[in-house]
Amino acid sequence: MPGIGRGSLPSGTCPPTPSLPHGGGRGPVAPVTQRSASDMAPPSPRVGEGWGGGASGGRLSRRFLLLAPLALAACGFTPAYAPGGGADRLLGTIWVQDPDTKAGFDLVERLEERLGRPEAVRYDLAYVITTEAVGVGLTEESQITRYNLKGVVDYTLTERATGTRVAGGRVQSFTAYSATGSTVAGLAAEEDAALRLMRILADQIVARLIAVSASLP
């Protein structure tokens, strides 16, 4: 059988490796170059490019802001604080139950700040406040150093002309205060936490009332 015998090659040499055709394979290997981390990072966009950037983007953003309220109004949506919106309908129309505690006074004060003093009364707002101070920080001697003041308000809105309940629910939140320092400082911190809590709960009530204002009689 014809072939290449041992005697046909010089001693110590190997047969040549056949080369790949030029039209296939990966081709010549590119030289490896060292690249730094900054070279590998994608280029940063120029100032003015991207979201709403640049001259054309800025004009588009301003145009969108100007036309968005018109588009919402065309869809039948009215912002809550716009004339004729939910908040505007409630202003001066709600008589809040007279307070008989410091917490009640703080709650009513904030409600009237947001809803206005009652003038053309259409609704009555009743409420029940529940608060609880819970110790959350202890020293090695089991002395409480910090309290969480939890608060819950159950409220009911009724139509004055009919006495019908038209809205209601429950809101809750908490604030915290430090019990370290003097007795006077501790009492002042507790009073401040109670005031902040009632304002938070009042704001939640107002937000709930605005949300349902479109369905109120």
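Tabulated data
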| read-out | value |
| --- | --- |
| Rounded FRET efficiency, nearest 0.05, which uses the C-beta distance separating A185 from D98 and R0 of 25 Å | 0.20 |
| Inter-label distance for A126 and V152, nm, one decimal - labels placed 7 Å from Cα along Cα-to-Cβ | 1.8 |
| Rg(Cα) / (2.2 N^0.38 Å) computed for the range 93-215, rounded to two decimals | 1.25 |
| Neighbour-count ranking [beta-carbon atoms within 10 angstrom, fewest first] of R199, R170, R165 | R165, R170, R199 |
| FRET efficiency estimate (nearest 0.05) - Cβ-Cβ, E140 to D203, R0 35 angstrom | 0.35 |
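Laboratory data are not the source of any read-out in this text; all were calculated from the coordinates shown. Note that the structure is a prediction, hence the values are computed from the model and not measured. All Cβ positions, even for glycine, are placed from backbone atoms using ideal geometry, and neighbour counts span all protein chains on display.
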